[in-house]
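J.: Take a look at the following structure, please.
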Amino acid sequence: MTAGSAALWAPAITVGGALVIIALERWRPYDRQRFWRRGLGVDLIGYALIQSAVLSLVINGLVRGLAAVTGVVPGHGVVSHWPFAAQLALFIVSHDLYIYWFHRAQHRIPLLWRLHEAHHSAREVDWIAGSRSHALEIVINQTIEVAVMVLLGASTEVMLYKGAISIVSGMWIHANVDLRLGWLSYVVNGPELHRWHHAIDYAPPGKNYATKFSLWDHLFGTADRRPGKPAGYGLTDPFPDGFLAQQAHAFRREP
């Protein structure tokens, strides 16, 4: 496996995953939602395309600077001689555990919630709604994620495939798909649990913080499995619709 092939396969996995999830949304929708729903343009163009492209440059610059300061040579470190599968498994599981605890903190610490509430502002949750995250939230999370992989010596291929898996996983847990995983849902996360996390009538600070592995919620007492469906999604407080207004909203003055 080479970096060149990974550079081709990782985007293919991302696009292929998106198309499969969109097809599942049409086949077995969880809620009655339009494909061209309100806010789709903001999520797809503003967040998923423009913000992701810009922030990838910012984050890579920050990580390169960190590597230069520490003297770390990318691709050389503790795990650099590990097999590809072992590296990939390590970073998928360890990063997911970190994200669980950071996500949980975002719902409990007011300053972090200021950055996270944009993610909860979508009134209709689907395959692309998960991309709606404040720029500073992304910078914090992904700089930590990438920096750890670089400092420990992960290969470029591992980082590319890890990124593709994270993107597809994010689309999946937010998907408007009514597929129940049965016993597997105690380990792997999916829409049946995560859509409740986005419910508008969910008492704060909420439950179901996991991303890839619902196992964390069950281990740490934050899992919520309930019958029925949410009455709606989003925030009870008013939230702006435009991309720039949503970014600025985190810095508003409280009355």
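J.: Distance between the C-alpha centers of the stretch 92-153 and the stretch 27-77? Whole Å please.
T.: For the stretch 92-153 versus the stretch 27-77, the Cα centre distance is 11 Å.
J.: Students often forget the sequence filter, so: which aspartates and glutamates lie under 12 Å Cα-Cα from Lys162 once same-chain residues fewer than 8 apart are removed?
T.: The reachable aspartates and glutamates, counting only those whose Cα sits under 12 Å from Lys162, are Asp96, Glu145.
J.: How about the stretch 144-210: which trypsin sites (Lys or Arg not before Pro) there lie in a loop by DSSP and see at most 11 other Cβ atoms within 10 Å? List each step's numbers first, then the result.
T.: Values: sites: Lys162, Arg180, Arg195, Lys207; in loops: Arg180, Lys207.
The qualifying sites are Arg180.
J.: Could I ask something else about it? Round to the nearest 10 and give me the degree value, 0 to 90, for the angle of helix 156-174's Cα axis relative to the longest principal axis of the chain.
T.: Approximately 10 degrees, to the nearest ten.
J.: Where the accessible area of the chain is counted over protein heavy atoms with a 1.4 Å probe, how much of it, in %, is carbon and sulfur?
T.: 71 percent
J.: Helix 84-106 versus the longest principal axis of the chain: what angle, 0 to 90°, nearest 10, using Cα atoms?
T.: With both axes taken from Cα atoms, the answer is about 40 degrees.
J.: Please report the projected area of the stretch 33-184's Cα convex hull averaged over all directions, in nm².
T.: For the Cα atoms of the stretch 33-184, the hull's average projected area reads 10.5 nm².
J.: While we're on this one: Excluding residues fewer than 8 places away in the same chain, name every one of the lysines whose C-alpha is closer than 18 Å to that of Lys229.
T.: Of all the lysines, those that pass the test against Lys229 - Cα under 18 Å, at least 8 places apart if same chain - are Lys207.
J.: Also, quick follow-up: Taking Cα atoms, how many degrees apart are the long axis of helix 3-27 and the longest axis of the chain, rounded to 10 and kept between 0 and 90?
T.: For 3-27 against the chain, the angle is about 10 degrees.
J.: Then there is this: Show me the ranking of peptides 70-79, 106-115 by mean Cβ neighbours inside 10 Å, starting with the highest.
T.: Final packing ranking: 106-115, 70-79.
J.: Rolling a 1.4 angstrom probe over the protein heavy atoms, how many square angstrom per residue are accessible across the chain?
T.: That works out to 50 Å² for each residue.
J.: What is the stretch 1-107 by shape, rounded, prolate or oblate, if you read a ≥ b ≥ c off the alpha carbon gyration tensor as root eigenvalues and call it rounded for a/c under 1.5, prolate for a/b larger than b/c, and oblate otherwise?
T.: Since a/c reaches 1.5 and a/b is larger than b/c, the shape of the stretch 1-107 is classed as prolate.
J.: Across the Cα atoms of the chain, what radius of gyration and what greatest pairwise Cα-Cα distance (Dmax) are found, in Å?
T.: Both quantities, over Cα of the chain: 18.3, 56 Å.
The values are calculated or read from the model by the stated rules, or taken from the named source; none is laboratory data. Everything quoted here is computed from the prediction, not taken from an experiment. Ideal geometry is used to build each Cβ from the backbone, glycine not excepted, and the neighbour counts take in all protein chains shown. What goes into the accessible areas is simple: the full protein's heavy atoms, side chains included, and nothing from ligands, DNA or RNA. Shrake-Rupley method; radii C 1.70, N 1.55, O 1.52, S 1.80 Å.
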